[in-house]
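Engineer: Shown below is the structure under consideration.
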Amino acid sequence: MEQLKVNLRDEHDLFHPFFWGEETEVWVNDIEKEDMVVPYDPSSFLYEMFHYLGVEEAFKPWESKKSIEIILQQWPSYQTSLKVSFQTRDFQNLLPLMKKGISCCFSILFWQNNQPVNLKNWEHKTTLLYYKPINFIERMGFILSRPKLFHSFIQLSQLMEELTKTYHKSLILKNRKNV
């Protein structure tokens, strides 16, 4: 099993200080490029890393509706864990769970528009997407700036609900075009 080193600096398409902090080097296992690993850790942005490294044979979840459905199936467990963390004031586990939840949100947003996640320019890239919740940029900006607030969790939950609806709407529209 070969490991690939990814340097996440300001110019990298996956760099965002919320997700990576001061960490600039990430190692990914080459074997994981074959198909989507279940359960998938959305905060790893694994397949985007392969994409931005130019690994052509890597799985591209933004080309598969199965990938979005995997994330949608995982979200309720993150949501439940986040509720418990807020109720018990378990702030140690809160931030990693919010990162996973926010990563789910970004993954679904970009993947349903057949694109890999781009965190570096997410505000600009989001304006170019067809399927997206209303006021996504403002709402996600609030969540990223205050991830430990309960209101951020509520906003994230609402965005995920809206993304689920837009995903199902996109499936219906794509089926109509194919009929």
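The values are calculated or read from the model by the stated rules, or taken from the named source; none is laboratory data. Note that the coordinates shown come from a computational prediction; the quantities given were computed from them, not determined experimentally. Because the Cβ atoms are built from the backbone with ideal geometry, glycine has one as well, and the counts that use them run over all protein chains shown. For the accessible areas, the whole protein counts, side chains as well, though only heavy atoms, and no ligand, DNA or RNA atoms are used. Shrake-Rupley method; radii C 1.70, N 1.55, O 1.52, S 1.80 Å.
Engineer: Please tell me if Glu69 is in a helix (DSSP H, G or I) and under 20 Å from Glu48 (Cα atoms). Steps first, answer last, please.
Structural biologist: Working: in a helix (DSSP H, G or I): yes; under 20 Å from Glu48 (Cα atoms): yes.
When the stated conditions are applied, Glu69 passes them.
Engineer: When both residues are 6+ apart or on different chains and their Cβ atoms are under 7 Å apart, which pairs have a first residue that lies in the stretch 127-153 and is closer than 19 Å to Ser81 by Cβ, and a second that is in a loop (DSSP other than H, G, I, E, B)?
Structural biologist: Final answer for the pair search is Ser152/Arg146.
Engineer: Any idea which residue in the stretch 55-86 is most open to solvent (accessible area, probe 1.4 Å), counting only those that are among the small types (Gly, Ala, Ser) and under 13 Å from Asp41 (Cα atoms)?
Structural biologist: Residue satisfying both the conditions and the ranking: Ser77.
Engineer: Can you tell me which residues in the stretch 104-117 are open to solvent by less than 10 Å² (accessible area, probe 1.4 Å) and in a loop (DSSP other than H, G, I, E, B)?
Structural biologist: First, pick out the residues of the stretch 104-117 that are open to solvent by less than 10 Å² (accessible area, probe 1.4 Å): 104-112, 117.
Scanning the stretch 104-117 gives Gln112, Val117.
Engineer: Could you list all residues from the stretch 48-65 that are assigned to a helix (DSSP H, G or I) and either modelled with pLDDT under 90 or in contact with a Pro (Cβ under 6 Å, 6 or more places away or on another chain) (or both)? Write out each step before concluding.
Structural biologist: Initial filter on the stretch 48-65 (assigned to a helix (DSSP H, G or I)): 48-53, 61-63, 65.
Glu48, Met49, Phe50, His51, Tyr52, Leu53, Trp62, Lys65, listed by residue number.
Engineer: Could you tell me whether Ser77 is assigned to a helix (DSSP H, G or I) and within 22 Å of Leu173 (Cβ to Cβ)? Reasoning before the result, please.
Structural biologist: On the way: assigned to a helix (DSSP H, G or I): yes; within 22 Å of Leu173 (Cβ to Cβ): no.
In short, no.
Engineer: Do we have Arg89 as surrounded by fewer than 21 Cβ atoms within 10 Å (Cβ to Cβ) and on the phi > 0 side of the Ramachandran plot here?
Structural biologist: Yes, satisfied.
Engineer: Among (1) at pLDDT below 95; (2) within 24 Å of Asp90 (Cβ to Cβ); (3) more than 12 Å from the chain's Cα centre (by Cα), which single condition is Ser103 missing?
Structural biologist: Status for Ser103: all satisfied but (3).
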